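The values are calculated or read from the model by the stated rules, or taken from the named source; none is laboratory data. Keep in mind that this is a model prediction, so the values were computed, not measured. Here the Cβ positions follow ideal geometry from the backbone for every residue, glycine too, while neighbour counts run over all protein chains shown.
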Amino acid sequence: MKTFQELYRFLALVEYFKVARVGSWLGWIFSFGFGSIFLSLPPPERFFAILFAFSCATASIFVLNQYFDRKEDQENAFKSNMPVASGRMAPRTALVFSFLLIVLCLVLVVLVDMNLLSLFLIYLVFGTAYSAPPFRLKSVPVIDFVVSGVGAGLMPFLMGLELTSKPSFDISLIMLGVVPLILIHCGGHVIQAVGDYEVDRKMGVYTFVVRYGRKNGVVVAGLMFLLAGLLPFIYSAFGLLSYSHLLLFFAIFPLSVPMIKRYVDMLKEPSTKTVINMQKTATKYGIIGVTVIFGYTLLVKALSF
């Protein structure tokens, strides 16, 4: 009997981990981490404490998203097995869990660095307004992917940046680092919406892709990815970035080749299947790419001391 009780507790914990969907916000973690080392290296203890707070905030947003989207997710063959949509976790339990994560996050922020409180509150408001009525920003074309780009690219970057405790920030320098992140997250959101097109259309969720079509969505996302990839070279052409740093982008370019192939497949046939293939490939090679970029930035900052 005791063994079964322990197994039940373990499975329950697994469901809480699944409902947080950690694997879906690794790019958000990169935005936070990149921001934290963009200008200088933060104290390790503050970094890990705020990283944990950020993880709690992000998990709470994803749990809320599943709570409000549970009916749509039940109709989605690739999302119907998620804890809330499948019924393995009661909607009320998910709501309470999300609330507790928010409380834990805010308590940590208050204890570690009050200066970050306003950024975290804005982040949580953006994440909640995206899914929750009456705002339901995910149903407002263009606003849907802009909110995603700001919430997943800009806000985590700014929170990480605040950890460095710099007396003053060069806004133009910050924009050099954050604009590509925003574009990538905006494009990624549009691609996700392409995969959800059929269910969103059926349920009356008028995303950018539902309003303007799958093909147009794939094209717009591709243009965002292309601009994000070209920006370092544009920065260098205008003297805003040292040419020596471009070697990094040439080094990681081979990692983008499989993703480009998947994108071409998706452009030919914009469907849920090609989107999932694209996402799997992007996750596989993207993790390597962002690890190399993060490690390179960390090394440059460490050598500058």
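Taken together, 280, 301, 284, 273 contain a single residue that is among the charged types (D, E, K, R), assigned to a helix (DSSP H, G or I) and farther than 30 Å from residue 38 by Cβ, which is 273.
With region 47-161 as the region, which helices (runs of 4 or more DSSP H) entirely inside it contain at least 2 residues that are under 14 Å from the mean Cα position of the chain (by Cα), closer than 25 Å to residue 273 by Cα and touching a residue at least 60 places away in the same chain (Cβ under 8 Å)?
Where helices (runs of 4 or more DSSP H) fall fully within region 47-161 and carry at least 2 residues being under 14 Å from the mean Cα position of the chain (by Cα), closer than 25 Å to residue 273 by Cα and touching a residue at least 60 places away in the same chain (Cβ under 8 Å), they are 143-149.
Looking at residue 261, is it modelled with pLDDT of 95 or more and either part of a helix (DSSP H, G or I) or over 26 Å from residue 210 (Cβ atoms) (or both)? Yes.
A residue that is touching a helix residue (DSSP H, G or I) at 6+ places or on another chain (Cβ under 7 Å), charged (D, E, K, R) and over 15 Å from residue 162 (Cβ atoms) cannot be found anywhere in region 34-50. In region 211-232, of all residues being crowded, with 17+ Cβ neighbours inside 10 Å and within 19 Å of the chain's Cα centre (by Cα), the one that is nearest to residue 201 (Cα to Cα) corresponds to 217. When we screen 86, 55 for residues that are of a type in the set (Gly, Ala, Ser), modelled with pLDDT of 95 or more, farther than 19 Å from residue 208 by Cβ and out of contact with any Pro (no Cβ under 6 Å at 6 or more places or on another chain), the only hit is 55. Looking at this structure, is residue 14 closer than 22 Å to residue 153 by Cα, surrounded by fewer than 20 Cβ atoms within 10 Å (Cβ to Cβ) and of a type in the set (A, V, I, L, M)? For residue 14, the condition - closer than 22 Å to residue 153 by Cα, surrounded by fewer than 20 Cβ atoms within 10 Å (Cβ to Cβ) and of a type in the set (A, V, I, L, M) - is not met.
Out of the residues in region 113-126 meeting the condition of being farther than 18 Å from residue 29 by Cβ and of a type in the set (A, V, I, L, M, F, W, C), tell me which one is modelled with the lowest pLDDT. The residue in question is 114. How many residues are crowded, with 22+ Cβ neighbours inside 10 Å and more than 25 Å from residue 294 (Cβ to Cβ) if we restrict to region 157-198? So the count comes out to 4.
Selection of region 233-272 for residues being of a type in the set (Ser, Thr, Tyr) and surrounded by 16 or more Cβ atoms within 10 Å (Cβ to Cβ) yields 235, 236, 256, 263, 271, 272. Considering every residue within region 178-196, establish whether at least one is within 18 Å of the chain's Cα centre (by Cα) and of a type in the set (Asp, Glu). Checked against the condition, which is being within 18 Å of the chain's Cα centre (by Cα) and of a type in the set (Asp, Glu), region 178-196 yields at least one hit. Give the residues of region 162-216 that are closer than 19 Å to residue 140 by Cβ, among the polar types (S, T, N, Q) and not in a helix (DSSP H, G or I), sorted by residue number. Within region 162-216, just 207 meets the criteria.
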